[in-house]
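Read the structure below first, then the notes.
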Amino acid sequence: MSFIENPKTYTGHDLETIFFRPMLAGPSAQELGVRILYNMPTPTTVQLWEPQGNILQKYASAGWSGGVAATKAQKTITLERVKAELGFAAADYFSMVYEQIVGHAGASLDDLSGTELEAAETELFKRAIAEAIRATMWVGDTSLDEGFNTFNGFLTLMAQCVESGDITPYQYASTVLDSPEGAVELFDKVWEQADDRLKDLKGEGQLALFVTSDIYHLYEKYLDSKGADSAYMEMVNGRPTLAYHGIPVIDLHIGSYLKDSLLPGSCCLLTDRRNLVLAVNTADFPGTEVRMWYNPDLMENRQRATFMAGCEILDERIVSLAQLRA
């Protein structure tokens, strides 16, 4: 256990390359299903350009008549300072780290270097941070006294937009969820009420239906009911991904988190993936680091990470929402 007792601190470049960059880039970022901004300068702002609809004019005479500039809007993403902390009894923590190591091909318990132990405990902490960011990204609510209250998530931001009138959701009764056809009904409703600007974005391939697990399961049952050989095979083997009329259907996997929140327990959201932005910063906050150490007094292994994070919906006009009626 001597290697695990050695304190380790990651800052600067190591903090980015070892911890956060792997979580927020490549396949890991794609699994989140939203737009990721990592280490953008703070305050993090996104420029929104809305060009003129028709700039063609009749060519009748010389001169300049294009004096109207494109419409520009700017959205600032509020970043909150957050920290993640974990503590494990030394014996339990040592067993967990060893489990990570022996799961790799070629691992030998008789010859373990400090690097292997460090990589294993780093992987454990990264997983915990990644899941906490993902959950808060959706259900975070700063008004809560405990739980996911470090920054406001997308569902909380949408609830605020509903309250202000910027988003008008389709309210459905719980009876809609009593039959598999209810999932298709919700998909149709969010499409029908969507702004034309949102519908026009379908050709760009970035639209997605974000749904809670109950709706996702209903849609699976609906597909299972189709009398075709392919439906039978998919029911037996499962489906890696679902889509509706070419639009991916994404299970949010937040059912257990919604139980402890003030948000509706069921919802269906249609928007462009690029419209939902998660920003994380580990460069502009003094004291940002990941630290892992052993507390001999309590015989406990501890881990702490400090960084900045926040979410924003760039354009409420291209959001179509259906939620369970209160």
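For region 126-225, what does the accessible surface come to per residue with a 1.4 Å probe? Please give it in Å².
On a per-residue basis, region 126-225 sits at 46 Å².
As a calculated quantity, the FRET efficiency between ASP224 and GLU204 at R0 = 22 Å, using C-beta atoms, amounts to about 0.10.
What FRET efficiency, computed as 1/(1 + (r/R0)^6) with R0 = 25 Å and r the Cβ-Cβ distance, is obtained for GLU31 and PHE285, rounded to the nearest 0.05?
My answer for the efficiency is 0.50.
Our compactness index for region 238-326, the C-alpha radius of gyration over the empirical 2.2 N^0.38 Å, is 1.60.
What is the extension gain from ALA243 to GLU163, computed as 0.36 nm multiplied by their sequence separation minus the C-alpha to C-alpha distance, in nm to one decimal?
So the chain would gain 25.8 nm between ALA243 and GLU163.
Taking the protein heavy atoms of region 136-270 in the context of the full set of protein chains, the accessible area attributed to carbon and sulfur is 49 percent at 1.4 Å.
Computed on the Cα trace of region 137-291, the radius of gyration divided by the Kirkwood hydrodynamic radius gives Rg/Rh = 1.02. Normalising the average separation of contacting C-alpha pairs (under 8 angstrom, six or more residues apart) by the number of residues puts the relative contact order of region 110-229 at 16 percent.
Bridgeable lysines around LYS8 (alpha carbons under 18 Å apart, same-chain partners fewer than 8 residues away excluded): LYS83, LYS126.
Extension gain for the segment LEU298 to ASP196, taken as residue separation times 0.36 nm less the Cα-Cα distance, is 30.7 nm to one decimal. The phi-based Karplus calculation (6.51 cos²θ - 1.76 cosθ + 1.60; θ = phi - 60°) puts the 3J(HN,Hα) values of region 293-299 at 8, 10, 9, x, 5, 9, 6 Hz, whole numbers, x for Gly and Pro.
The values are calculated or read from the model by the stated rules, or taken from the named source; none is laboratory data. Keep in mind that what you see is a predicted model, and the values were worked out from it rather than measured. Positions of Cβ are generated from backbone atoms using ideal geometry, with glycine treated the same way; all protein chains shown enter the neighbour counts. When the accessible area is computed, the model is the full protein with side chains, heavy atoms only, and any ligands, DNA or RNA have been set aside. Shrake-Rupley method; radii C 1.70, N 1.55, O 1.52, S 1.80 Å.
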